[in-house]
Amino acid sequence: MGAFEQLVLKVLPLVPNPVMRPLAMRYVAGERLEQALAKLRELAFVGHPGIIDILGEDVESADQARRVLDEYRRAADGVREAGLDAYVSVKPTHFGLRLGSDLALGLYRQLAAHCRDLGNFLRVEMEDHTTTDATLGVFEALRAEFDNVGLVLQSRLLRTPADIAALAPGPLSVRMVKGIYLEPAAIAHTEPEPIRDAYFETVRALFERGAYVSLATHDEVLAGRVLALVEELGLGTDRYEFQVLLGVREPLWAQWREAGHPVRVYVPFGPEWRPYSLRRLTRNPQILRHVIRATLGLD
Ligand code: FAD
């Protein structure tokens, strides 16, 4: 990390909300569900389906986790009432995974059933490596019961190819990401090229086992390699889509959309935008670099 980034990182916690808010709001729809629905409507108008995420993680009590479930139910209902093509995506520790897998599984189950009744989908997100085993366990238990659930896998982790091989047979929907959490070298690729190569290989493995793959990346070089693979395997848009983060590299979305590739936009919202943004920036300084460049108009 450069000296400027180190300085920004030190100063960020002291930055008052009126200054921080406009920086964060490029990447966050707002604090309220209505703002997220308005953003999803705007995106739908130009041809982008969406994903709705309520900001937050690491709840401290089962009651708090149950309140998160209520918020997600409301979000899924709001999407349905607005007639939008958007689904919900939930971090395991927001549903209390660190307090117990059973608690998280119970809440995912209730949300999956609710989404199924609405004809909608639910994605289980992936957090740092200390949660991977429990998250895979929760997902496999859900998948045995529901067909409207999907998972996230991280190419950064060395274990991911083995995790794919170990998933039970049957229909599978995976969002493939590089992984936002910086992980120790003993268990993860740490350099950009190996992370990219691993991404490409995991996508190939997923396609070969018949999975639907959400290609969640803004890396156009990697996307080019994956699209060449899509062509080589003769796959249609019933097998893949791109997924992008709100506010990140919009010209790339347009390029993909105009070439006929579906591009689904991840729309986070919620009152916890500030701790979420700070934690993200502190955990992975690469994101800080992107934000500084984007804010200065260099991206
Ligand atoms: P990079 O090489 O990091 O980025 C490519 C280019 O995109 C950069 O040069 C930069 O210009 C731009 N860019 C990337 N990120 C940002 C940013 N935040 N702000 C500004 N510019 C940026 N990770 C998980 O670990 N678990 C998850 O559940 C998860 N879900 C995700 C869902 C979606 C829809 C997306 C798009 C990402 C998700 N991620 C998740 C994050 C992912 O792991 C990466 O950290 C992130 O996508 C950046 O990697 P990249 O593939 O875009 O490549």
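The values are calculated or read from the model by the stated rules, or taken from the named source; none is laboratory data. Note that this is a predicted model, so its numbers are computed, not measured. Please note: Cβ atoms are built from the backbone with ideal geometry, for glycine as well, and neighbour counts cover all protein chains shown. Side chains included, ligands, DNA and RNA excluded: accessible areas come from the protein's heavy atoms. Shrake-Rupley method; radii C 1.70, N 1.55, O 1.52, S 1.80 Å.
Tabulated results
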{"read-out": "Qualifying positions in the range 43-62 - in contact (Cβ under 8 Å) with a residue 60 or more places away in the chain and open to solvent by less than 30 Å² (accessible area, probe 1.4 Å)", "value": "Leu43, His48, Pro49, Gly50, Ile51, Ile52, Asp53, Ile54, Leu55, Gly56, Glu57"}
{"read-out": "Yes/no for Pro22 being within 16 Å of the ligand (Cβ to nearest atom) and either of a type outside the set (S, T, N, Q) or touching a strand residue (DSSP E or B) at 6+ places or on another chain (Cβ under 7 Å) (or both)", "value": "yes"}
{"read-out": "Within the range 232-252, considering residues that are outside any strand (DSSP E or B) and open to solvent by 60 Å² or more (accessible area, probe 1.4 Å), the one nearest to the ligand (Cβ to nearest atom)", "value": "Arg249"}
{"read-out": "Selection within the range 140-155 - in a loop (DSSP other than H, G, I, E, B) and either open to solvent by 20 Å² or more (accessible area, probe 1.4 Å) or farther than 22 Å from Ile51 by Cβ (or both)", "value": "Asp147"}
{"read-out": "Count - residues of the range 126-139 that are part of a loop (DSSP other than H, G, I, E, B) and open to solvent by less than 10 Å² (accessible area, probe 1.4 Å)", "value": "1"}
{"read-out": "Inter-residue pairs, beta-carbon under 6 Å, first acidic (Asp, Glu) and in the range 156-173, second assigned to a loop (DSSP other than H, G, I, E, B) and open to solvent by less than 80 Å² (accessible area, probe 1.4 Å), 6+ apart", "value": "none"}
{"read-out": "Selection count, the range 2-42, where residues are touching a helix residue (DSSP H, G or I) at 6+ places or on another chain (Cβ under 9 Å), in a loop (DSSP other than H, G, I, E, B) and surrounded by 12 or more Cβ atoms within 10 Å (Cβ to Cβ)", "value": "7"}
{"read-out": "Some residue of the range 206-220 being modelled with pLDDT of 95 or more, under 14 Å from Arg156 (Cα atoms) and either open to solvent by 30 Å² or more (accessible area, probe 1.4 Å) or not in a loop (DSSP other than H, G, I, E, B) (or both)", "value": "yes"}
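Matching residues to (1) under 27 Å from Ala86 (Cα atoms); (2) within 13 Å of the ligand (Cβ to nearest atom); (3) part of a loop (DSSP other than H, G, I, E, B):
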{"residue": "Val174", "(1), (2), (3)": "yes, yes, no"}
{"residue": "Arg196", "(1), (2), (3)": "no, yes, no"}
{"residue": "Leu222", "(1), (2), (3)": "yes, yes, no"}
{"residue": "Val230", "(1), (2), (3)": "yes, no, no"}
{"residue": "Ala254", "(1), (2), (3)": "yes, no, no"}
